[in-house]
Amino acid sequence: MTRARRSVAGGRSKRRPAVTEDQELLDSDHNNGAWIHTDPWRVLRIQAEFVDGFGALAELGPAISVFGSARTDPDDPYFQLGQSVATGLVNAGFAVITGGGPGIMEAANKGAFKAGGVSVGLDVELPQETGLNDFVNLGINFRYFFVRKTMFVKYSQGFVVLPGGYGTLDELFEALTLVQTGKVSASPVVLMGVAYWAGLFDWLHERVAADGNIALTDVNLMTLTDDVGVAVQIMADAQSASSL
Ligand SMILES: C/C(=C\CNc1ncnc2c1ncn2[C@@H]1O[C@H](COP(=O)(O)O)[C@@H](O)[C@H]1O)CO
């Protein structure tokens, strides 16, 4: 499979930025108030990222986003799980979308790539940026986190979430919030790594739902499984149901 690597931001160097574009936008005291003049123009750059992202992904077809830790080693069992579920998703006719970085992202891209599928990496400018992993065949570089997050949601029909930290939790809860509030049509969310997620799942049941802050149906937006076949079948069933 040929590799199409695109940079939404254009020919940026691979040097680590001292200050990222997100930081310049979000730190309001940055640049001694120069933002008063630069932010209105920054909107055009943000707009261009949306345009380029939409252009690159418009014809992707059915796809599943796989989220998980950037720090998982290739010899970790969760790396193997991420690779296997991505292979299963490709065999079921899905493209696989990740953040394009190391760890679980690389595992999922590897599984998709080696299965001959479309392996998307949505990379983002970070101070500790590592660049796209070697198993991405449709790669896009974003400067703005929120633009990139829009792409995960807009071009995925479901989400598979493996163990991870704040980044993964942010992506998981964004997907859940959008489904819960009806901002996107019901999309399956599968958590893989039952031992890892069980504590969170129990807390959501026993504390968050019990206190009335979410409904039990909100907890049930997620399925916990370690079984690749089950995860893939959930995505395939949802896809068939949505195309009826
Ligand atoms: C931390 C290291 C590299 C970071 N590189 C990343 N590249 C692309 N996407 C990333 C990166 N780090 C986080 N993400 C996104 O968040 C999720 C993982 O975050 P977590 O905090 O590690 O759980 C992941 O799904 C990405 O979308 C050097 O090791």
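The values are calculated or read from the model by the stated rules, or taken from the named source; none is laboratory data. Predicted model, so just to flag it, every value in this text is computed and none were measured. Every residue, glycine as well, gets a Cβ built from its backbone with ideal geometry; the counts of neighbours run over all protein chains shown.
Tabulated results
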{"read-out": "Gly116 being touching a helix residue (DSSP H, G or I) at 6+ places or on another chain (Cβ under 9 Å) and surrounded by fewer than 23 Cβ atoms within 10 Å (Cβ to Cβ)", "value": "yes"}
{"read-out": "Output for region 142-157, where each listed residue is within 19 Å of Ala231 (Cα to Cα), away from the ligand (no atom under 11 Å from the Cβ) and assigned to a helix (DSSP H, G or I)", "value": "Val153"}
{"read-out": "Matching residues, region 56-96, being in a strand (DSSP E or B) and more than 19 Å from Asp237 (Cα to Cα)", "value": "Phe67"}
{"read-out": "Qualifying positions in region 173-213 - farther than 24 Å from Ala241 by Cβ and among the β-branched types (Val, Ile, Thr)", "value": "Val194, Val208"}
{"read-out": "Out of Gly139, Gly131, Gly182, Gly164, sole residue that is crowded, with 20+ Cβ neighbours inside 10 Å and either more than 15 Å from the ligand (Cβ to nearest atom) or more than 18 Å from Tyr78 (Cβ to Cβ) (or both)", "value": "Gly139"}
{"read-out": "Region 119-128: number of residues that are buried (at least 23 other Cβ atoms within 10 Å of the Cβ) and assigned to a loop (DSSP other than H, G, I, E, B)", "value": "0"}
{"read-out": "Residue satisfying condition, being without any contact (Cβ under 8 Å) to a residue 60 or more places away in the chain, surrounded by 13 or more Cβ atoms within 10 Å (Cβ to Cβ) and within 13 Å of the ligand (Cβ to nearest atom), within set Asp170, Asp218", "value": "Asp170"}
{"read-out": "Options Ile97, Ile104, Ile64: the member that is of a type outside the set (D, E, K, R), within 16 Å of the ligand (Cβ to nearest atom) and more than 30 Å from Glu24 (Cα to Cα)", "value": "Ile64"}
{"read-out": "3 or more residues under 26 Å from Gln80 (Cβ atoms): qualifying helices (runs of 4 or more DSSP H) within region 158-230", "value": "166-180, 194-203"}
{"read-out": "Flag if Arg6 is assigned to a strand (DSSP E or B), out of contact with any Lys or Arg (no Cβ under 6 Å at 6 or more places or on another chain) and modelled with pLDDT under 75", "value": "yes"}
{"read-out": "Residues that are of a type outside the set (Phe, Trp, Tyr), touching a helix residue (DSSP H, G or I) at 6+ places or on another chain (Cβ under 9 Å) and not in a strand (DSSP E or B), drawn from region 129-141", "value": "Leu132, Asn133, Asp134, Val136, Asn137"}
